[in-house]
Amino acid sequence: QVQLVESGGGLVQPGGSLKLSCVASGSAFRLYLMAWYRQAPGKQRELVATEAGGNSANYADSVKGRFTISRDNAKNTSYLQMNSLKPEDTAVYYCHSQWGSRTAWGQGTQVTVSS
């Protein structure tokens with residue numbers, strides 16, 4: 001059972017930056033497809049970014065050019081660098097892993113963008 005633990009959320013002003021981290025358990029992290037989702041109050045959970053190692057990142061149109069997903073296999077960690085944050089980016093952010101039929105979710109970390 002893969003376990004994921006997110007951190008790095010918080011309160012930031014519009015235009016600011018945050019970097020979220022997601023530490024995964026297991027010895028096969030380099031094989032995991034990693035993704036970040038977010039869920040705003042009253043809205044469905046939406047996909048923000050995915051990557052499977054190398055240069056295979058994909059982003060939602062709403063975050064392209066502002067967010068960057070990356071990983072450090074030596075640290076079993078996925079990152080989501082968020083720049084030029086907007087109030088509409090306010091949500092709980094979740095990381096997700098997939099390896100074959102095995103999937104896992106993190107507990108979520110709150111990101112609030114407000115002045």
(request) Within the chain, what's the longest run with no trypsin sites (Lys or Arg not before Pro) in a DSSP loop and at most 11 other beta-carbon atoms within 10 Å? Give the range, please. (result) 65-115
(message) I'd like to check one number: the per residue accessible area of the chain, probe 1.4 Å, reported in Å² as a whole number.
(response) 54
(request) About the Cα centre of the chain, how large is the charge dipole given +1 on each Lys and Arg Cβ and -1 on each Asp and Glu Cβ? Please answer in debye to the nearest 20. (result) 100
(request) Round to a whole angstrom and tell me the spacing of the C-alpha centers of the stretch 1-51 and the stretch 72-115. (result) 1
(message) Using a 7 Å offset from Cα along Cα-Cβ at SER114, what residues in the stretch 25-42 end up with backbone N under 18 Å from the label point?
(response) 39-42
(request) Calculate I(q)/I(0) for the chain by the Debye formula, one identical point scatterer on each C-alpha and no solvent, and give its log10 at q = 0.11, 0.18 Å⁻¹ to two decimals. (result) -0.32, -0.84
(message) Pairs of alpha-carbon atoms within less than 8 angstrom and 6+ residues apart define the contacts here; what relative contact order does the chain have, in percent?
(response) 38
(message) Please list, ordered by chain and number, the residues whose modelled amide H lies under 5 Å from the amide H of GLY108; skip anything fewer than 5 residues away on the same chain.
(response) GLU6, CYS95
(request) Check the straight Cα-Cα distances from LYS75 and name the aspartates and glutamates below 20 Å, setting aside those fewer than 8 residues away within the same chain. (result) GLU6, GLU51
(message) Projecting each Cα onto the charge dipole of the chain (Lys/Arg +1, Asp/Glu -1 at the beta carbon, about the Cα centre), which of VAL111, CYS22, TYR32 comes out farthest on the positive side?
(response) TYR32
(request) Report, to the nearest whole %, how much of the accessible area of the chain belongs to carbon and sulfur atoms, 1.4 Å probe, protein only. (result) 46
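The values are calculated or read from the model by the stated rules, or taken from the named source; none is laboratory data. What you see is a predicted model, and the numbers here were worked out from it, not measured in a lab. Methodologically, a virtual Cβ is constructed for each residue, glycine included, from the backbone with ideal geometry; neighbour enumeration extends over all protein chains shown. Ligands, DNA and RNA are stripped out before the accessible areas are found, and what is left, the full protein with its side chains, is counted by its heavy atoms. Shrake-Rupley method; radii C 1.70, N 1.55, O 1.52, S 1.80 Å.
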